[in-house]
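First the structure, in the form of structure tokens, and then the observations on it.
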Amino acid sequence: QVQLVESGGGLVQAGGSLRLSCAASGSISRFNAMGWYRQASGKRALVAAIGSGGSTNYADSVKGRFTISRDNAKNTVYLQMDSLIPEDTAVYYCNLNLRYVDVWGRRDYWGQGTQVTVSS
């Protein structure tokens, strides 16, 4: 199965920056998109996503502040977070969506989550 390992979370002051990383292992050659979601309370919400062709999508609340990118050679997706505000505080989860169901019967995989806390 695919495994997603996240890193880069932490505690920063408002206005600071963090860079989250998500390294994927296993066969992801047919992935549709990778993205970052966050959950402070309630439902997990999309933050940013990047498609296999390089297209990106961002939540309105993070446009202009966050940048998603990937390094295909390392099977890694990044989320550069700048100008952080307390409202960004949440657990951030990496997501992999496959183009097709894999041999395990899966189309979506999730990382374990990494805590981001932004203080005033």
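The values are calculated or read from the model by the stated rules, or taken from the named source; none is laboratory data. The structure displayed is predicted, hence computed values, not measured ones. No Cβ is skipped: glycine too gets one built from the backbone with ideal geometry, and neighbour counts run over all protein chains shown. The accessibility values were calculated without ligands, DNA or RNA, using every heavy atom of the protein model including side chains. Shrake-Rupley method; radii C 1.70, N 1.55, O 1.52, S 1.80 Å.
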The one condition Ala90 fails out of (1) of a type in the set (Gly, Ala, Ser); (2) surrounded by 16 or more Cβ atoms within 10 Å (Cβ to Cβ); (3) out of contact with any strand residue (DSSP E or B) (no Cβ under 7 Å at 6 or more places or on another chain) is (3)
Which ones in segment 14-42 are at pLDDT 95 or above and among the charged types (D, E, K, R)?
Arg19, Arg38
All positions within segment 93-120 that are part of a strand (DSSP E or B), open to solvent by 40 Å² or more (accessible area, probe 1.4 Å) and either touching a Phe, Trp or Tyr at 6+ places or on another chain (Cβ under 8 Å) or of a type outside the set (Ser, Thr, Tyr) (or both)
Asp108, Trp110, Gln115
Only residues that are among the hydroxyl-bearing types (Ser, Thr, Tyr) and either in contact with a Ser or Thr (Cβ under 9 Å, 6 or more places away or on another chain) or open to solvent by less than 20 Å² (accessible area, probe 1.4 Å) (or both): list them for segment 1-26, please.
Ser7, Ser17, Ser21
Collect the residues in segment 78-98 that are at pLDDT 95 or above and closer than 20 Å to Val5 by Cβ, keeping them in residue-number order.
Tyr78, Leu79, Gln80, Met81, Ala90, Val91, Tyr92, Tyr93, Cys94, Asn95
Every residue from segment 58-92 that is of a type in the set (Gly, Ala, Ser) and not in a helix (DSSP H, G or I):
Ala59, Gly64, Ser69, Ser83, Ala90
Whether any residue in segment 46-58 is surrounded by fewer than 12 Cβ atoms within 10 Å (Cβ to Cβ), within 25 Å of Ser120 (Cα to Cα) and at pLDDT below 95 is what I want to check.
no
